[in-house]
Amino acid sequence: MSENISVLGLGLMGTALAASLIEAGHHVTVWNRTPAKADPLVARGATLAATPAQAVEASSLVIVCLLDYPSVFEVLQDAPLAGRVVANLTTGRPAEAPEMAAWVGERGGEYLDGGIMAVPQMIAQPGALILYSGSRPAFERYEQAFGAMAAARYTGEDTGTASLLDLAMLTGMYGQMAGALEALALVRSAKYPLMEFTTELLIPWINAMSAQLPRWVADIEAGDYRTEVSNLEINRVGMENLVRAFEEQGVKPDLLLPMKTVIDRRVARGLAHEGLSGLVEEL
Ligand code: FVH
């Protein structure tokens, strides 16, 4: 079904979102602070609105993708939100979402908060995901349209949930990248072929280790961190060995040291028998 959809914010991500909606056959109205960025979308059939208010007026679904939440408040300030669904896909914090939801609600609109788990090039491609939270009826009304941009997953009525899960997934990503960067620096110090190490050794190893995560979740949910795999004392000694090896290779273990600190702290509490999942209690 073809919808009237407005997209406010035509940065790299907003442009990709608007393009995917045009491609899917929706009537798309766009607005951007710097209007020239709309030209390629207008050439593909979008309508350019002169003001955010005109853009909001044009559609029942308003997708916002700006720099941050303050810019969203600023842009929507004079917009007629009554009867509109605002899907704010700007990255924010869980605490900002309910504030925005209340603000939109006071103006007669319905609110969905979103977390985009993709880079612009992934939009409308398999693997792209957008998390939504907030008004369930609003999500259900536009689920099909959302699906043109990326797989759409509703995460609950609490508006902060999509943002929380977005940040949690980014946290997992940064942790994995930190480990990979340290590994690459170490391997480079020995002049071993980096590509071979990465594709044949590191990636399969990381995948195998990630498969352990559901077991950790069971430990955390049970609050029982006893292990038969590898206890914290083994990991403490292992980390010490790792850090020493880095120093001997002339590589800084800076991205690993925070984890060592937390392991040491837990062991110092007399909990050396626990597994790594117990570290969650230190956080
Ligand atoms: N790019 C990515 O890979 C990611 C992936 C996951 C989620 N994000 C989030 O998406 C939001 C927008 O990111 P972006 O990549 O589109 O960012 P830019 O290309 O820098 O575009 C920023 C847009 O915001 C407009 N803008 C900034 N400040 C204001 C303001 N005070 N008033 C009105 N508009 C403003 C800017 O306008 P202009 O500079 O073109 O005039 C752009 O439209 C972001 O939350 C990411 O975290 C992207």
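The values are calculated or read from the model by the stated rules, or taken from the named source; none is laboratory data. Computed from a predicted structure; not experimentally measured. In this analysis, Cβ positions are derived from the backbone assuming ideal geometry, glycine residues included, and neighbour counts consider all displayed protein chains. Accessible surface is based on the protein model in full, side chains and every heavy atom, while ligands, DNA and RNA are left aside. Shrake-Rupley method; radii C 1.70, N 1.55, O 1.52, S 1.80 Å.
Return the only residue of 25, 14, 105 being more than 15 Å from the ligand (Cβ to nearest atom) and either over 29 Å from residue 161 (Cβ atoms) or touching a residue at least 40 places away in the same chain (Cβ under 8 Å) (or both). Break it down stepwise before answering.
Details: 14 fails: more than 15 Å from the ligand (Cβ to nearest atom); 105 fails: either over 29 Å from residue 161 (Cβ atoms) or touching a residue at least 40 places away in the same chain (Cβ under 8 Å) (or both).
Only one candidate passes the filter, namely 25.
Of the residues 233, 247, 240, 200, which single one is open to solvent by 70 Å² or more (accessible area, probe 1.4 Å) and either touching a strand residue (DSSP E or B) at 6+ places or on another chain (Cβ under 8 Å) or touching a residue at least 12 places away in the same chain (Cβ under 8 Å) (or both)? Quick ask: steps written out before the conclusion?
Working: 233 fails: open to solvent by 70 Å² or more (accessible area, probe 1.4 Å); 247 fails: either touching a strand residue (DSSP E or B) at 6+ places or on another chain (Cβ under 8 Å) or touching a residue at least 12 places away in the same chain (Cβ under 8 Å) (or both); 200 fails: either touching a strand residue (DSSP E or B) at 6+ places or on another chain (Cβ under 8 Å) or touching a residue at least 12 places away in the same chain (Cβ under 8 Å) (or both).
Sole residue among the options that is open to solvent by 70 Å² or more (accessible area, probe 1.4 Å) and either touching a strand residue (DSSP E or B) at 6+ places or on another chain (Cβ under 8 Å) or touching a residue at least 12 places away in the same chain (Cβ under 8 Å) (or both): 240.
Which residues, taken from the stretch 218-230, are open to solvent by 50 Å² or more (accessible area, probe 1.4 Å) and touching a residue at least 24 places away in the same chain (Cβ under 8 Å)?
If the condition is that a residue be open to solvent by 50 Å² or more (accessible area, probe 1.4 Å) and touching a residue at least 24 places away in the same chain (Cβ under 8 Å), then 220, 226, 229 are the ones that fit.
Need the failing condition index for residue 93 against (1) under 16 Å from residue 163 (Cα atoms); (2) open to solvent by less than 20 Å² (accessible area, probe 1.4 Å); (3) within 14 Å of the ligand (Cβ to nearest atom), just the number.
In the conditions (1) under 16 Å from residue 163 (Cα atoms); (2) open to solvent by less than 20 Å² (accessible area, probe 1.4 Å); (3) within 14 Å of the ligand (Cβ to nearest atom), residue 93 misses (2) alone.
Output the residues belonging to the stretch 105-135 that are out of contact with any strand residue (DSSP E or B) (no Cβ under 7 Å at 6 or more places or on another chain) and over 21 Å from residue 57 (Cα atoms).
We begin by selecting, within the stretch 105-135, every residue out of contact with any strand residue (DSSP E or B) (no Cβ under 7 Å at 6 or more places or on another chain); these are 106-108, 119-127.
The answer is 119, 120, 121, 122, 123, 124, 125, 126, 127.
What residue, of 55, 87, 38, is under 16 Å from residue 162 (Cβ atoms), within 14 Å of the ligand (Cβ to nearest atom), outside any loop (DSSP other than H, G, I, E, B) and open to solvent by less than 20 Å² (accessible area, probe 1.4 Å)? Working first, answer last.
Numbers: 55 fails: under 16 Å from residue 162 (Cβ atoms); 38 fails: under 16 Å from residue 162 (Cβ atoms).
Of the residues listed, the single one that is under 16 Å from residue 162 (Cβ atoms), within 14 Å of the ligand (Cβ to nearest atom), outside any loop (DSSP other than H, G, I, E, B) and open to solvent by less than 20 Å² (accessible area, probe 1.4 Å) is 87.
Which one is nearest to residue 34 (Cα to Cα) among residues in the stretch 59-84 that are within 16 Å of the ligand (Cβ to nearest atom) and part of a strand (DSSP E or B)? Even if it seems obvious, please write down each step before you answer.
Of the stretch 59-84, the ones within 16 Å of the ligand (Cβ to nearest atom) are 62-79.
Next, only the ones that are part of a strand (DSSP E or B) stay: 62-64.
Details: 62: 18, 63: 17, 64: 15 Å.
By that ranking, first place goes to 64.
Within the stretch 207-217, is there a residue that is open to solvent by 50 Å² or more (accessible area, probe 1.4 Å) and within 15 Å of residue 184 (Cα to Cα)?
No; the residues of the stretch 207-217 include none that is open to solvent by 50 Å² or more (accessible area, probe 1.4 Å) and within 15 Å of residue 184 (Cα to Cα).
Which residue out of 19, 102 is open to solvent by 10 Å² or more (accessible area, probe 1.4 Å) and within 18 Å of residue 4 (Cα to Cα)? If you could, list the steps in order and put the result at the bottom.
Numbers: 102 fails: within 18 Å of residue 4 (Cα to Cα).
After ruling out the rest, the residue left standing is 19.
Report yes if some residue within the stretch 185-197 is more than 21 Å from residue 253 (Cα to Cα), open to solvent by 80 Å² or more (accessible area, probe 1.4 Å) and of a type in the set (Lys, Arg); otherwise report no.
No, the stretch 185-197 has no match at all.
Looking only at the stretch 162-184, how many residues end up being loosely packed, with under 14 Cβ neighbours inside 10 Å and either touching a Pro at 6+ places or on another chain (Cβ under 7 Å) or of a type in the set (Val, Ile, Thr) (or both)?
Within the stretch 162-184, residues that are loosely packed, with under 14 Cβ neighbours inside 10 Å and either touching a Pro at 6+ places or on another chain (Cβ under 7 Å) or of a type in the set (Val, Ile, Thr) (or both) number 1.
Here's the yes/no breakdown for (1) over 25 Å from the mean Cα position of the chain (by Cα); (2) on the phi > 0 side of the Ramachandran plot:
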| site | (1), (2) |
| --- | --- |
| 16 | no, no |
| 25 | yes, yes |
| 30 | no, no |
| 60 | yes, no |
| 72 | no, no |
| 100 | no, no |
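Take the stretch 109-161 and flag every residue that is open to solvent by 30 Å² or more (accessible area, probe 1.4 Å), of a type outside the set (Asp, Glu), within 19 Å of residue 28 (Cα to Cα) and part of a helix (DSSP H, G or I).
Answer for the stretch 109-161, where residues must be open to solvent by 30 Å² or more (accessible area, probe 1.4 Å), of a type outside the set (Asp, Glu), within 19 Å of residue 28 (Cα to Cα) and part of a helix (DSSP H, G or I): 120, 141, 144.
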